[in-house]
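Some notes on the structure that comes next.
The values are calculated or read from the model by the stated rules, or taken from the named source; none is laboratory data. The structure displayed is predicted, hence computed values, not measured ones. Every residue, glycine as well, gets a Cβ built from its backbone with ideal geometry; the counts of neighbours run over all protein chains shown. Heads up: the accessible areas ignore ligands, DNA and RNA and are worked out on the full protein's heavy atoms, side chains in. Shrake-Rupley method; radii C 1.70, N 1.55, O 1.52, S 1.80 Å.
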Amino acid sequence: MSKQKKADLLLVMITAFWGMSYFLTDLCLNEMPPLFLTAFRFLLAFFLLGAIFLKKVVRVNAVTLKFSLLVGLSLAACYILYGYAVTRTSLSNAGFICALPVVFTPLLDFVFHRVKPKRRLLFALILCTVGLALMTLNEQFRPRSGDLLSLGVALTYAIDLLLTEKAVRHPEVDPLALGVWNLAVVGVLTLVLSFLIETPVFPRTPVTWGAA
């Protein structure tokens, strides 16, 4: 099997797992708030992969850490929006809209790097736009808040892909260490936000007027 066929097969597998993740995320959100769930997922992944690739993670250089922070921030924005989007729209809508990085990524590549998209990409963009309108617009031609958040997921994930591409092309960046450390950035950031937003740090004690 050629490298291209192996890569295509891996992409199909990733797509299958990506689709399953929506259903599993929806189940988990019945037990955990979005930010805490994201923190749990990414910190668990960081510690597991960090233990497996301990030497590379410990010996990481400053350039890799810098790119890990940038990639991690964009990925954190993506998953923060994703966690709330799934709770505010249907899984089918979320799955379709969040898959739009396949369109946004080449468009952003054109904006920032002047890489001209092919005609078939423009055709795909038109089809996606029509499909997006049919799925999301109601009688008043207004999308649900979850659909707009899902659109934000697609945009931030496209940004994340472009940053990742730029990072791995840098000669001093270790791609494996980059992948592990950006998990830590997402996990720590969403955990802090979870305590600030989803969990009251200083619970208020109800006041009973007229109590002795």
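Residues in region 172-204 that are open to solvent by 80 Å² or more (accessible area, probe 1.4 Å) and modelled with pLDDT under 90: 195, 196, 197, 200, 201, 202, 203, 204. I'd like to verify a number: residues in region 64-78 that are of a type outside the set (Gly, Ala, Ser) and open to solvent by less than 30 Å² (accessible area, probe 1.4 Å), how many? Looking only at that region, the number is 5.
Scanning region 79-89 for residues that are open to solvent by 40 Å² or more (accessible area, probe 1.4 Å) and either of a type in the set (Ser, Thr, Tyr) or more than 11 Å from the chain's Cα centre (by Cα) (or both) turns up 84, 87, 88. Taking the criterion of being of a type outside the set (Asp, Glu), outside any helix (DSSP H, G or I) and in contact (Cβ under 8 Å) with a residue 12 or more places away in the chain, the residues of region 140-183 that qualify are 144, 170, 173.
Screening region 12-25 for residues that are hydrophobic (A, V, I, L, M, F, W, C) and within 17 Å of the chain's Cα centre (by Cα) and picking the one that is most open to solvent (accessible area, probe 1.4 Å) gives 17. Applying the set (1) modelled with pLDDT of 70 or more; (2) out of contact with any Cys (no Cβ under 6 Å at 6 or more places or on another chain); (3) not in a loop (DSSP other than H, G, I, E, B) to residue 133 leaves exactly one unmet item: (1).
May I ask you to say which residue of 111, 103 is within 19 Å of residue 158 (Cβ to Cβ) and open to solvent by 70 Å² or more (accessible area, probe 1.4 Å)?
Details: 103 fails: open to solvent by 70 Å² or more (accessible area, probe 1.4 Å).
Of the residues listed, the single one that is within 19 Å of residue 158 (Cβ to Cβ) and open to solvent by 70 Å² or more (accessible area, probe 1.4 Å) is 111.
Just one of (1) open to solvent by less than 90 Å² (accessible area, probe 1.4 Å); (2) over 20 Å from residue 175 (Cβ atoms); (3) in contact with a Gly (Cβ under 9 Å, 6 or more places away or on another chain) fails for residue 45. It is (2).
Of the set (1) farther than 29 Å from residue 196 by Cβ; (2) in contact with a Gly (Cβ under 9 Å, 6 or more places away or on another chain); (3) surrounded by 11 or more Cβ atoms within 10 Å (Cβ to Cβ), all apply to residue 61 but (2).
For residue 96, the test of being over 14 Å from the mean Cα position of the chain (by Cα) and over 30 Å from residue 131 (Cα atoms) is failed.
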